[in-house]
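The values are calculated or read from the model by the stated rules, or taken from the named source; none is laboratory data. In this text the structure is predicted, and so the values were computed from the model without any measurement. Here the Cβ positions follow ideal geometry from the backbone for every residue, glycine too, while neighbour counts run over all protein chains shown.
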Amino acid sequence: ETGVTQSPTHLIKTRGQQVTLRCSSQSGHNTVSWYQQALGQGPQFIFQYYREEENGRGNFPPRFSGLQFPNYSSELNVNALELDDSALYLCASSLDGAGGPREQFFGPGTRLTVL
Amino acid sequence: EDQVTQSPEALRLQEGESSSLNCSYTVSGLRGLFWYRQDPGKGPEFLFTLYSAGEEKEKERLKATLTKKESFLHITAPKPEDSATYLCAVTRGAAGNKLTFGGGTRVLVKP
């Protein structure tokens, strides 16, 4: 069973640029969630994709957008980068459907630094 | 708005010195409470899911319990490899099934 993978591991961008982060979900999972974790804080929910549709969004501006593909992998896009976007971006996958909330399994994260 | 508060923020233990971490929550219609372990620079590692008050789960030196207002993670006779940040999260299981996390407790176990 393959776990959640993310790419790239690290990324350095300058203010105003755009970035795309990628995530491959765990085998058999149909849901991907994205979180932002600032240093020393708990992860903050950005949004979730279930069967290629956005299925909930946190308090993040529209310049944060995403996609989920038919193989359930996902992308997080951030436009017009700001200094405060510097953080660890985490992708989590789960198998959702009838039966209530399931545990989410996290990837190793992408460390984004905005200069 | 859902809120999760973890205490203490940091905990220094001697090897073998048992202790408990607290996670208090305010959520309308809790559907699940999750505990994760996170090592520096890595993604959170799933530990436990608790669904209802009175439920308990154990794994090696860790035991998680749940009441209607809080959860505890008990670490019995910790070893240095138990050093990590422990995160608590809740979900209402509504659309989005988002996890709302606390700030975490950083645990350092000294030999």
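Just need a number here: residues in the stretch A:24-58 that are surrounded by 20 or more Cβ atoms within 10 Å (Cβ to Cβ) and within 12 Å of the chain's Cα centre (by Cα).
Number satisfying all stated conditions: 15.
Collect the residues in the stretch B:79-95 that are under 15 Å from the mean Cα position of the chain (by Cα) and not in a strand (DSSP E or B), keeping them in residue-number order.
Taking the stretch B:79-95 first, the residues under 15 Å from the mean Cα position of the chain (by Cα) are B:82-91.
Those that are under 15 Å from the mean Cα position of the chain (by Cα) and not in a strand (DSSP E or B): B:D82, B:S83.
If you go through the stretch B:21-44 one residue at a time, how many are under 17 Å from B:T105 (Cβ atoms) and either under 15 Å from the mean Cα position of the chain (by Cα) or in a strand (DSSP E or B) (or both)? Before the answer, list the steps.
First pass over the stretch B:21-44, keeping only residues under 17 Å from B:T105 (Cβ atoms): B:21-25, B:33-40, B:42, B:44.
From what is left, the residues that are either under 15 Å from the mean Cα position of the chain (by Cα) or in a strand (DSSP E or B) (or both) are B:21-25, B:33-39, B:44.
Here the count works out to 13.
What are the pairs, 6+ residues apart or on separate chains, where a residue within the stretch A:44-55 that is more than 9 Å from every other protein chain (Cβ to nearest Cβ) and closer than 16 Å to A:L95 by Cα has its Cβ under 7 Å from a residue that is among the aliphatic types (A, V, I, L, M) and part of a strand (DSSP E or B)?
Filtered contacts from the stretch A:44-55: A:Y49/A:V32.
Any residue in the stretch A:80-102 that is of a type outside the set (F, W, Y), surrounded by fewer than 17 Cβ atoms within 10 Å (Cβ to Cβ) and at the interface with another protein chain (Cβ under 9 Å from one of its Cβ atoms)?
yes
Take the conditions part of a strand (DSSP E or B), surrounded by 16 or more Cβ atoms within 10 Å (Cβ to Cβ), at pLDDT 95 or above and basic (K, R) and apply them to B:R12. Does it pass? Step through it out loud before you land on a result.
Working: part of a strand (DSSP E or B): yes; surrounded by 16 or more Cβ atoms within 10 Å (Cβ to Cβ): no; at pLDDT 95 or above: yes; basic (K, R): yes.
So B:R12 fails the test.
Got a number for residues in the stretch B:45-68 being closer than 16 Å to B:T91 by Cα and in a strand (DSSP E or B)?
Adding up the residues that qualify gives 6.
Evaluate the following for B:G32: is it under 23 Å from A:T110 (Cβ atoms) and facing chain A (nearest Cβ under 10 Å)?
Working: under 23 Å from A:T110 (Cβ atoms): no; facing chain A (nearest Cβ under 10 Å): yes.
It is false that B:G32 is under 23 Å from A:T110 (Cβ atoms) and facing chain A (nearest Cβ under 10 Å).
Could you please let me know if A:R63 is at pLDDT 95 or above and among the basic types (K, R)? Reasoning before the result, please.
Working: at pLDDT 95 or above: yes; among the basic types (K, R): yes.
Yes.
Which residue is surrounded by the fewest Cβ atoms within 10 Å (Cβ to Cβ), if the candidates are limited to the stretch B:35-57 and must be over 23 Å from A:P108 (Cα atoms) and more than 9 Å from chain A (Cβ to nearest Cβ)? Break it down stepwise before answering.
Step one: list which residues in the stretch B:35-57 are over 23 Å from A:P108 (Cα atoms), which gives B:50-57.
Now restrict to residues that are more than 9 Å from chain A (Cβ to nearest Cβ): B:50, B:52-57.
Numbers: B:L50: 21, B:S52: 11, B:A53: 13, B:G54: 9, B:E55: 15, B:E56: 12, B:K57: 14.
Ranking the candidates gives B:G54 first.
Taking the condition of being away from every other protein chain (no Cβ under 14 Å), among the β-branched types (V, I, T) and either within 15 Å of the chain's Cα centre (by Cα) or not in a strand (DSSP E or B) (or both), how many residues in the stretch B:101-111 meet it?
Pass one, the stretch B:101-111, residues away from every other protein chain (no Cβ under 14 Å): B:107-111.
Those left that are additionally among the β-branched types (V, I, T): B:107, B:109.
Narrowing further to those that are either within 15 Å of the chain's Cα centre (by Cα) or not in a strand (DSSP E or B) (or both): B:107.
Of the residues in that region, 1 qualify.
Being surrounded by 19 or more Cβ atoms within 10 Å (Cβ to Cβ), over 13 Å from the mean Cα position of the chain (by Cα) and free of Cβ contacts under 8 Å to residues at least 60 places away in the same chain narrows it down to one residue among B:K68, B:K98; which is it? Write out each step before concluding.
Numbers: B:K68 fails: surrounded by 19 or more Cβ atoms within 10 Å (Cβ to Cβ).
After applying the criteria, what remains is B:K98.
Considering only residues of the stretch A:1-43 that are free of Cβ contacts under 8 Å to residues at least 24 places away in the same chain and within 15 Å of A:S86 (Cβ to Cβ), which is nearest to the other protein chains (Cβ to nearest Cβ)? Steps first, answer last, please.
Within the stretch A:1-43, the first condition is being free of Cβ contacts under 8 Å to residues at least 24 places away in the same chain, and the residues that meet it are A:40-42.
Then drop every residue that is not within 15 Å of A:S86 (Cβ to Cβ), which leaves A:40-41.
Details: A:G40: 8, A:Q41: 6 Å.
Top of the filtered list is A:Q41.
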